[in-house]
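To start, the structure under review is shown below, and the notes come after it.
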Protein chains: 2
Amino acid sequence: MTELLPNYFNGTWQTGTGAGTVLTDPVLGTELVRVDATGLDLAAGFGFARAQGGQALRALTYRQRAAMLAAAQKVLQANRDAYYDIATANSGTVKNDTDVDVDGGIFTLGTYAKMGESLGDTHFIMDGDAARLGKDPLFQSQHILSPTRGVALFINAFNFPSWGLWEKAAPALLSGVPVIVKPATATAWLTQRMVKDVVDAGIFPVGALSIVCGSSAGLMDQLQPFDVVSFTGSADTAAVIRSHPVVTQRSVRVNIEADSVNSAVLLPGEAAGTEAFDLFVKEVAREMTVKSGQKCTAIRRILVPEALYHAAAQAISARLAKTTVGNPRNEAVRMGALVSRAQLVAVREGLDYLKGQATVLHDGSTAALVDADPAVACCVGPTLLGVGNADGSDTSDRVHDTEVFGPVATLVPYRTTDNSIAHAVALVRRGQGSLVTSLYGSDPQALAWAARELADSHGRVHIISPDVAALHTGHGNVMPQSLHGGPGRAGGGEELGGLRALNFYHRRTAIQASTAVLGQL
Amino acid sequence: MTELLPNYFNGTWQTGTGAGTVLTDPVLGTELVRVDATGLDLAAGFGFARAQGGQALRALTYRQRAAMLAAAQKVLQANRDAYYDIATANSGTVKNDTDVDVDGGIFTLGTYAKMGESLGDTHFIMDGDAARLGKDPLFQSQHILSPTRGVALFINAFNFPSWGLWEKAAPALLSGVPVIVKPATATAWLTQRMVKDVVDAGIFPVGALSIVCGSSAGLMDQLQPFDVVSFTGSADTAAVIRSHPVVTQRSVRVNIEADSVNSAVLLPGEAAGTEAFDLFVKEVAREMTVKSGQKCTAIRRILVPEALYHAAAQAISARLAKTTVGNPRNEAVRMGALVSRAQLVAVREGLDYLKGQATVLHDGSTAALVDADPAVACCVGPTLLGVGNADGSDTSDRVHDTEVFGPVATLVPYRTTDNSIAHAVALVRRGQGSLVTSLYGSDPQALAWAARELADSHGRVHIISPDVAALHTGHGNVMPQSLHGGPGRAGGGEELGGLRALNFYHRRTAIQASTAVLGQL
């Protein structure tokens, strides 16, 4: 039997009392470790985090907690090789893709350590200036942000066991709010190891950071009015979380990041072979294949002027054809596996569904795998679909509604009457709210105008123009400085965005008082 | 038959096709008007507001929309007398109480007109400064706030037919988001008249402001991902709204303001007869009786040092005894009616429930009504309850959990070992999140410390010290400059707070681009 990973909960390492769920290598099919949460005293563990962890964290200042984030970052950096090994085995990712998760998480943690320092040795945050409540300035209103007196429960997704933990935990811990993380079972190992390393280093107060691996059953029931829950995953599970009585009846604050049918838009006036066109092709092919397309921010819809449909199809396909797929341990391999057989099935089903309204422009399903057994490995080559012409873009509703969580995207041509992007904008909006759209062009004014038109339906607009060809941070990479989240289908959440991330973990209060009292705050 | 009030919906005035619901005078019992929403084409009306109203509003700048708010304010001011007559008849409120609703609403509208001007002739709001995304400053992230491309549905409470409309509509319209208001049926008349006056004046674009009176059936079903809904009312209805599929599945943004068991705390060290003690007694008695206690911000729990229990009971009771109750048309009357027989029954039931764990210190139920028939009028005198001693404060859970929406409050004594307010703070927190708490004392440091302790469980902390005796704005009055809302039981919402109110109607987006593109925004 494989090792049963212990949970860190209620201030102690404890294994579940059940047989556990096996985590497997998605390339080799071998069994790795087991996780289990059976028999945990959930009420005690949540109570412990709230009372011990919360109180100890709140007794520290922002600067002190920021220093702890920095110390945690150092611990993680020191153990980086072990994380890469776990990711290779459990996520089936090539080194570059592991980097996005592991180093992305460590970088985000470090960024919050630095930003947190700027908040100084205080216990709450001033929110704006005092405002007079009448002609006499003696009585004023000063808003402040106080850490919420509860726990932060994270129910995380399988695709980012490292980054998904730290992009949420860094702002929470900096805010003084204890964290209980429930990683997705399929890839829980890396999250568990990172938490273990940080806990063993004794950096944070006991109860500040807990982990429960295995089933999420009963976790939501433990939440109380001052707790918060942050979920990343499917829209279906998101709806279940939002319908839970602790949310509907006790106002537990929820952040959701769910399905997102992201887009990339090549603006009119950029002929095939121009720099903007080439940057567009390169970014689309890259985004389709990074982490085998298992990124909530990956490009799913590729919008091009109708006249460039064939040129774009050809150029993107040519790049995709070079993507070798297979065992990430083989240095010739560019793209590893999907996370599980279940995901492989889901991606194939999703592809079939999309094909009902689109044709295949590049077929990755037939490519030979490198160093991997197709009967075992959860590998699939990148596939480019297309809807043919601008009328097809209007009538193919599936492409606008369906997130296939693999290396799959669809070319969506738009009409460019009078060089307008109105049709492109209308098509992008049919995604009903997305995490990110990227725009490609060389005219700053046209790019800025398109960004403003698309802003309200996106959490982020990433603009690639030739002047930032070597500098831009990538359509799909989530930078801690920028908001991560999106309205509507994308869940309506807000994460990161620099210190904005702290809002979720704080309560805003207007203090109305005499200037003498406000001066004592 | 009384007049059937028309709805303004889908760009036209139209009456419902049903018999309608009768609105009555809660003092005289007479029938006033009828409202009905039967037969309205909801899909068409919501679509019209979204397309016509939204587009027209967004084409204007903040400054232009602010000017419209100012124009609307003038119209309302010109028709003020009519609103007072409607309020007297339909809400049964005395002039001072009508003032809180009618003039409070007009004042809030005017405040947003002024604040909006400062946003200038722009179409979106810059959110913070641009942040570098690497060492090279050429590629940066700039956050912006864009008006959401949907409608704002308001499902409002019966106690503030004027203020409840304008405190929500002013930030929404200023943001460029069209409003559809569904006032509570019992007092819908005043809301309908105000909307009618503003619509007839032709100030806002057609579709910017709509009203549906009567049943709310089907309204939520119309919402789409970019719409928002703001609800004020009971926790039960709030849970229904939050469980609706448009919220759980389509991420429709929700703001809830529900039950709140607000408190007032006299700090230790303020003997009976001191200025702070007297200010405390005066404010508590005032808050209990304003609008017959039908204010979501009204004081429900009165915390005093245990040693002052009897002195406080006596002093507050003495003030309450002077409160004449009855027909608001009689100038001798200080407190009018509850809004309906249903509310009268609910308040009596709530009182009985509280009495199961408290004793009556001042009984208002037996006072003779002035100019009103007790068999008809929905009048009830103010009642002060008490839990006897500090142990009673701990064991009487009902007082911490129950909002009786009438002139009812309970005296809750706390232990003051070592002059500490720890026990008071713990008792206040048992409210599980409230809109407001008020603190009374003369030591700025002690007041500031208590404010910080209680901030995280309140949307507002109102501090009354002798130096602001004549200046403070009142425990229960909601100032547009300050946040209105509270965590947990209070619903977790945020309204007002100056320009912070606009956040709910905007979407935040990180624009990542070269400085050349950002310069064109």
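For region B:262-280, a residue qualifies if it is surrounded by fewer than 24 Cβ atoms within 10 Å (Cβ to Cβ) and over 19 Å from B:Asn419 (Cα atoms), and the qualifying residues are B:Asp278, B:Leu279. Evaluating B:Val412 against the criteria (1) part of a strand (DSSP E or B); (2) open to solvent by 10 Å² or more (accessible area, probe 1.4 Å) leaves one unmet condition, (2).
Among the residues that make up region A:268-275, is at least one of them more than 21 Å from A:Arg460 (Cα to Cα) and part of a helix (DSSP H, G or I)? Checked against the condition, which is being more than 21 Å from A:Arg460 (Cα to Cα) and part of a helix (DSSP H, G or I), region A:268-275 yields at least one hit. Is one or more of the residues making up region A:215-234 over 21 Å from the mean Cα position of the chain (by Cα), of a type in the set (S, T, N, Q) and under 17 Å from B:Ile241 (Cβ atoms)? Within region A:215-234, not a single residue is over 21 Å from the mean Cα position of the chain (by Cα), of a type in the set (S, T, N, Q) and under 17 Å from B:Ile241 (Cβ atoms).
In the set (1) out of contact with any strand residue (DSSP E or B) (no Cβ under 9 Å at 6 or more places or on another chain); (2) within 21 Å of A:Ile211 (Cα to Cα), the condition left unmet by A:Gly150 is number (1).
As a summary of the residue check, A:Val517 satisfies the conditions (1) at the interface with another protein chain (Cβ under 7 Å from one of its Cβ atoms); (2) surrounded by fewer than 21 Cβ atoms within 10 Å (Cβ to Cβ); (3) part of a helix (DSSP H, G or I) except for the one numbered (2). The set of residues from region B:333-374 being open to solvent by 60 Å² or more (accessible area, probe 1.4 Å), in a loop (DSSP other than H, G, I, E, B) and over 26 Å from B:Leu411 (Cβ atoms) comprises B:Asp371, B:Asp373, B:Pro374. Only one of the listed residues (A:Ala321, A:Ala298) is open to solvent by 20 Å² or more (accessible area, probe 1.4 Å) and at pLDDT 95 or above. That residue is A:Ala321. Say whether the condition of being away from chain B (no Cβ under 11 Å) and among the small types (Gly, Ala, Ser) is met by at least one residue in region A:141-161. Checking region A:141-161: at least one residue is away from chain B (no Cβ under 11 Å) and among the small types (Gly, Ala, Ser). Scanning region B:417-449 for residues that are part of a helix (DSSP H, G or I), more than 22 Å from B:Ser396 (Cβ to Cβ), touching a residue at least 60 places away in the same chain (Cβ under 8 Å) and more than 8 Å from chain A (Cβ to nearest Cβ) yields B:Asn419, B:Ala446. Among the criteria (1) open to solvent by less than 10 Å² (accessible area, probe 1.4 Å); (2) not in a helix (DSSP H, G or I), the one B:Glu403 does not fulfil is (1).
Any residue at all in region B:491-510 that is facing chain A (nearest Cβ under 8 Å), crowded, with 24+ Cβ neighbours inside 10 Å, among the charged types (D, E, K, R) and within 15 Å of the chain's Cα centre (by Cα)? No.
Being among the polar types (S, T, N, Q), within 26 Å of A:Gln445 (Cβ to Cβ) and either touching a Lys or Arg at 6+ places or on another chain (Cβ under 6 Å) or touching a residue at least 12 places away in the same chain (Cβ under 8 Å) (or both) is a property that does not hold for A:Thr248.
Only residues that are in contact (Cβ under 8 Å) with a residue 12 or more places away in the chain and either of a type in the set (Val, Ile, Thr) or over 15 Å from A:Gly364 (Cβ atoms) (or both) were counted across region A:292-326, and they come to 21.
Could you tell me whether any residue of region A:387-396 is part of a loop (DSSP other than H, G, I, E, B), within 28 Å of A:Asp443 (Cα to Cα), in contact (Cβ under 8 Å) with a residue 24 or more places away in the chain and in contact with a Ser or Thr (Cβ under 8 Å, 6 or more places away or on another chain)? Yes: one or more hits. Counting only residues that are out of contact with any helix residue (DSSP H, G or I) (no Cβ under 9 Å at 6 or more places or on another chain) and of a type in the set (A, V, I, L, M, F, W, C), which one in region B:455-489 is farthest from the other protein chains (Cβ to nearest Cβ)? The residue in question is B:Ala470. Within region B:79-132, the set of residues being within 14 Å of chain A (Cβ to nearest Cβ), among the aliphatic types (A, V, I, L, M), in contact with a strand residue (DSSP E or B) (Cβ under 7 Å, 6 or more places away or on another chain) and in contact (Cβ under 8 Å) with a residue 12 or more places away in the chain comprises B:Ile125, B:Met126, B:Ala130.
Taking region A:456-474, which residues are assigned to a loop (DSSP other than H, G, I, E, B), within 18 Å of B:His143 (Cβ to Cβ) and out of contact with any Gly (no Cβ under 8 Å at 6 or more places or on another chain)?
Residues of region A:456-474 assigned to a loop (DSSP other than H, G, I, E, B): A:456-457, A:465, A:469-474.
Imposing the further condition that a residue be within 18 Å of B:His143 (Cβ to Cβ) reduces the set to A:456-457, A:472-473.
If the condition is that a residue be assigned to a loop (DSSP other than H, G, I, E, B), within 18 Å of B:His143 (Cβ to Cβ) and out of contact with any Gly (no Cβ under 8 Å at 6 or more places or on another chain), then A:Asp456, A:His472 are the ones that fit.
Would you say A:Val212 is within 24 Å of the chain's Cα centre (by Cα), within 13 Å of another protein chain (Cβ to nearest Cβ) and β-branched (Val, Ile, Thr)?
Here the answer is no, as A:Val212 does not meet what is asked.
Checking region B:125-137 against the condition returns no match, with no residue being within 25 Å of the chain's Cα centre (by Cα) and either surrounded by 21 or more Cβ atoms within 10 Å (Cβ to Cβ) or outside any helix (DSSP H, G or I) (or both).
Restricting B:Ala172, B:Ala208 to those that are in contact (Cβ under 8 Å) with a residue 12 or more places away in the chain and more than 24 Å from B:Gly16 (Cβ to Cβ) reduces the list to B:Ala172. Taking the numbered list (1) among the basic types (Lys, Arg); (2) within 24 Å of the chain's Cα centre (by Cα); (3) open to solvent by 50 Å² or more (accessible area, probe 1.4 Å) in turn, B:Arg65 passes all entries but (3). One residue stands out in region A:14-31 among those that are within 28 Å of the chain's Cα centre (by Cα) and surrounded by fewer than 16 Cβ atoms within 10 Å (Cβ to Cβ): the one that is farthest from A:Ala377 (Cα to Cα), namely A:Val22. Taking (1) surrounded by 17 or more Cβ atoms within 10 Å (Cβ to Cβ); (2) in contact with a Lys or Arg (Cβ under 8 Å, 6 or more places away or on another chain); (3) more than 25 Å from B:Gly474 (Cβ to Cβ) in turn, B:Asp101 satisfies each apart from (3). With respect to the stated conditions, A:Val254 is within 28 Å of A:Ile125 (Cα to Cα), outside any loop (DSSP other than H, G, I, E, B) and not polar (S, T, N, Q). Annotation: B:Tyr112 fulfils all but one of (1) part of a helix (DSSP H, G or I); (2) within 30 Å of B:Gly336 (Cα to Cα); the unmet one is (2).
The values are calculated or read from the model by the stated rules, or taken from the named source; none is laboratory data. Note that the coordinates shown come from a computational prediction; the quantities given were computed from them, not determined experimentally. Neighbour counts run over all protein chains shown; Cβ positions are idealised from the backbone, glycine included. Keep in mind that these areas ignore ligands, DNA and RNA; they rest on the heavy atoms of the full protein, side chains included. Shrake-Rupley method; radii C 1.70, N 1.55, O 1.52, S 1.80 Å.
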